[in-house]
Amino acid sequence: MKLRIVLLILAIIFGAVAVVGVMGYIDSIKTSVEEGVEKVEVLVAAQNIPKEIPIETLIAENMVETSGVPRKYLAEGVLTSLDEYGGYVVAVPINKGEQITTTKFIRPEEIGLAFVIPEGMVAVSIPVNEIIGVSNLINIGDSVNIIATFLPEEKETASTVESVPVEEGESESIEAITAESEGASIRVEKETTKILLWNVEVLYIGTRIISSSETGENGEIMGIQTEAETRSTEITTVTLAVSPEDSEKLVFTEETGSVWLALVPTDGIEEEKTPGRTIDNIFER
């Protein structure tokens, strides 16, 4: 009986020693990995920050702090100091842990503006619903990927369209035929879905209440209807910051196909080449 107790005590001791040894080994590996990653000290939100808070308040109440962020995860325009932003206010709500960038601040006289368009960009609004808009989880200041889908159906157009450009090495399923007269059509051979734009900043999310006297079933502007025929409809739009070139892609896709929004992490997601998906490769990795 005493021998069993002694063996049990020894087993507990050896087990504890083994656990301590493994934990020490893991900590040493973690330390060596962290030391091998280049980090940059930047400003991040120490708490959730509402809009229109003055910079002076951010500093006085320690609402921002410095944190080491791996260089490859740095957000564009991230700040290391607020010295040059005296007199500014917070333009959009900032989530705890989010990197502080130049687009987060505006001057008080600009508060009347719903958003600030980054330099070199344009603002384009697209209609969304709860499904396309990621269950209404998207907020101002978030980043999204734009996913485009083209269906093999005809859509009327008033001008001649010869081709839809396809980048080298990508799926060539999206094709258009040459139009020979007015009212010609654009056709694609197969349903094709592909990420169109990466890490697009959300500038604004708006909702407008319209009546059926303004739009018909297909969304086109209609004439005046009787009071009994008038119904209210809520239309939500997302305004995105894109380059002039990307604005053409986005509007073309919205007019001739459909778009979905994919919410990405605060720091964005690394852009990679994707094949695009059709029925022929949907099950491929």
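List of remarks:
- Order by protection proxy (mean Cβ within 10 Å, highest first), peptides 65-77, 42-54: 42-54, 65-77
- Within-11-Å neighbourhood charge of residue 126 [Cβ basis; K, R +1; D, E -1]: -2
- For the peptides 266-272, 236-242, 10-16, the ranking by packing is 236-242, 266-272, 10-16, with the highest mean count of neighbouring Cβ atoms within 10 Å listed first.
- Residue 80-residue 189 FRET efficiency (beta carbon distance; Förster radius 45 Å; 0.05 resolution): 0.30
- Counting other Cβ atoms within 10 Å as a rough exposure proxy, the listed residues 63, 121 run 121, 63 from fewest neighbours to most.
- Mean silhouette area of segment 39-110, derived from the convex hull of its C-alpha atoms and averaged over all directions, reads 4.2 nm².
- Taking a straight Cα-Cα cut-off under 20 Å and skipping sequence neighbours fewer than 8 places away in the same chain, the lysines within cross-link reach of residue 39 are 30, 72, 96.
- Full extension of the chain between residue 53 and residue 272 yields a length gain of 75.1 nm, computed as 0.36 nm times the residue separation minus the alpha carbon distance.
- Taking 0.36 nm per residue of separation and subtracting the Cα-Cα distance, full extension of the segment from residue 9 to residue 149 would add 43.8 nm.
- Point-to-point label distance, residue 117-residue 22, nm (Cα→Cβ direction, 7 Å offset): 5.9 nm
- Using a simple spin-label model with pseudo-atoms 7 Å out from Cα toward Cβ, residue 237 and residue 280 lie 3.8 nm apart.
- Summing +1 for each Lys or Arg and -1 for each Asp or Glu among the other residues whose beta-carbon sits under 13 angstrom from that of residue 248 gives -3.
- About the Cα centre, charge dipole magnitude for segment 39-110 (Lys/Arg +1, Asp/Glu -1 at Cβ), debye: 380 debye
Bear in mind that the values in this text are calculations on the coordinates, not laboratory data. Note that the structure is predicted; figures quoted are calculated from it, not measured. Every residue, glycine among them, receives a Cβ derived from its backbone with ideal geometry; neighbour counts consider all protein chains shown.
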